[in-house]
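A.B. asks: Below you will find the structure I want to go over with you.
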Amino acid sequence: MEIVTMVFRTILLYFIVLVIFRLMGKREIGELSILDLVVFIMLAELAVVAIENTNDPLHHSLVPMITLLVIQIGLALWSLKSNRMRNFLDGQPTVIIQNGEIREKEMQKQRYNFNDLLIQLRDKNVKDIADVEFAILEPSGKLSVFEKKNNTAPFGKESLNLPYIIDGVVQEEHLALDHRTTLWLRQELKKLGYQEIKNISYCTYNNGTFFVDKVDEPK
């Protein structure tokens, strides 16, 4: 009888966990944030406990699992509306190499050493750091690499094309990387007819041209 109960619980919890993961949204395994990883581990542990302890009422595990789901969805919705919350939960990308120059201070902040850098560069089939124009350490730990188009070209000619505005919030760090200011951005956008930055959902600048996407107006 105990074996039958364990089989039943295993099947039931399998579908429950599957539904919970679907409700939490789609994201590649390699792109999981720290928050996602913590929730997944806790769900797995609760499921194992529920399967092994057949004498314990099933709702003792289901209630915490549903609670985790509610918390995860709630924080996800909050992060959609708040860039600050999104940065807190998911973190921000860090530019490790800019215009061919290694940013050691940024590496230290991320506790990221040269061995880590070289390993990930080799994974990208990059043989030499000198061949890299830009390298960005993503919040997931993945390294995005942009090689130099012409190794003999002087530094400073390329741009990362990082967004200047996200969800109506100026990304001052991105502006600083391009040696620009918020005042410059506001003035340039006003010339194009954009008076309020809060009404802009996404804005980039590349080769003297702005790409601006406005916030959708309520229907």
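A.B. asks: Using the Kyte-Doolittle scale, find the helices of the chain whose mean hydropathy is at least -1.0 and whose Cα atoms extend 20 Å or more along the helix's long axis, counting only whole DSSP H runs.
C.D. replies: Going by DSSP H runs, the hits are 2-23, 34-52, 59-81.
A.B. asks: I need the calculated FRET efficiency for the pair I66 and F88, taking r as the beta carbon distance and R₀ as 25 Å, to the nearest 0.05.
C.D. replies: Here the calculated transfer efficiency is 0.55.
A.B. asks: Per residue, how large is the accessible surface of the chain? Use a 1.4 angstrom probe and give square angstrom.
C.D. replies: Per residue, the chain has 68 Å² of solvent-accessible surface.
A.B. asks: Need one number: the % of Cα-Cα pairs in the chain sitting beyond the 28 Å mark.
C.D. replies: Roughly 50 percent, rounded to a whole number.
A.B. asks: Using +1 at the Cβ of each Lys and Arg and -1 at the Cβ of each Asp and Glu in the chain, identify which of A44, I102, T204 lies farthest towards the dipole's positive end.
C.D. replies: T204
A.B. asks: Sticking with this one: Compute the length gained on full extension between F146 and N207: take 0.36 nm times their separation in residues and subtract their Cα-Cα distance, giving the result in nm to one decimal.
C.D. replies: 20.3 nm
A.B. asks: On to the next question. Below 16 Å, Cα to Cα, which aspartates and glutamates can K105 reach? Residues fewer than 8 away in the same chain don't count.
C.D. replies: Candidates past the 8-residue exclusion: D116, E173.
A.B. asks: Assuming 0.36 nm per residue, please report the length gained on full extension of the stretch V19 to H59 beyond their Cα-Cα distance.
C.D. replies: 12.8 nm
A.B. asks: Here is a further query. Between N125 and S33, with labels modelled 7 Å along Cα→Cβ, what's the label distance in nm to one decimal, could you check?
C.D. replies: It is 3.3 nm.
A.B. asks: Place a label point 7 angstrom from the Cα of L75 along the Cα-to-Cβ direction, then list the residues of the range 82-104 whose backbone nitrogen is under 13 Å away.
C.D. replies: 85-91, by backbone N distance to the label point.
A.B. asks: Expressed as a rounded percentage, what relative contact order does the range 60-151 have, with Cα pairs under 8 Å and six or more residues apart?
C.D. replies: 25 percent
A.B. asks: Counting only the heavy atoms of the protein chains, how much of I97 is accessible to a 1.4 Å probe, in Å² to the nearest 10?
C.D. replies: Rounded to the nearest 10, the figure is 0 Å².
A.B. asks: For K190, K149, K124, write out the residues from largest to smallest accessible area, computed with a 1.4 angstrom probe and no ligands counted.
C.D. replies: Solvent-accessible surface, decreasing: K149, K190, K124.
A.B. asks: Might you work out the accessible area of D131 for me, using a 1.4 Å probe with all protein chains in place, and round it to the nearest 10 Å²?
C.D. replies: Estimated to the nearest 10 Å², D131 gives 40 Å².
A.B. asks: Another question, if that's okay. Given an 8 Å cut-off on Cα distances and at least 6 residues of separation, report the relative contact order of the range 1-123 as a percent.
C.D. replies: 23 percent
A.B. asks: Nearest 500 deg cm²/dmol is fine: what mean residue ellipticity at 222 nm does the chain get from its DSSP H runs of n ≥ 4 alone, each adding -39,500 (n - 2.57), divided by its residue count?
C.D. replies: Calculated at 222 nm, the ellipticity per residue is -15000 deg cm²/dmol.
A.B. asks: Whenever you get a sec, line up R180, R103 from highest to lowest accessible area (probe 1.4 Å, protein heavy atoms).
C.D. replies: Ranked list, largest accessible area first: R180, R103.
A.B. asks: Above 16 angstrom, tally the Cα pairs of the range 90-145 and express them as a % of all pairs, no decimals.
C.D. replies: For the range 90-145, the fraction of Cα-Cα distances above 16 Å is 32 percent.
A.B. asks: If you roll a 1.4 angstrom probe over the protein chains with everything in place, what fraction of the accessible area of the chain belongs to carbon and sulfur, to the nearest %?
C.D. replies: 57 percent
A.B. asks: So what is the relative contact order of the chain, in percent, for Cα pairs below 8 Å that sit 6 or more residues apart?
C.D. replies: Value for the chain: 14 percent.
The values are calculated or read from the model by the stated rules, or taken from the named source; none is laboratory data. None of these values were measured; they are calculated from a predicted model. A quick note on method: Cβ atoms are made from the backbone with ideal geometry, for glycine too, and the neighbour counts reach across all protein chains shown. Protein only, heavy atoms only, side chains kept; ligands, DNA and RNA dropped before computing areas. Shrake-Rupley method; radii C 1.70, N 1.55, O 1.52, S 1.80 Å.
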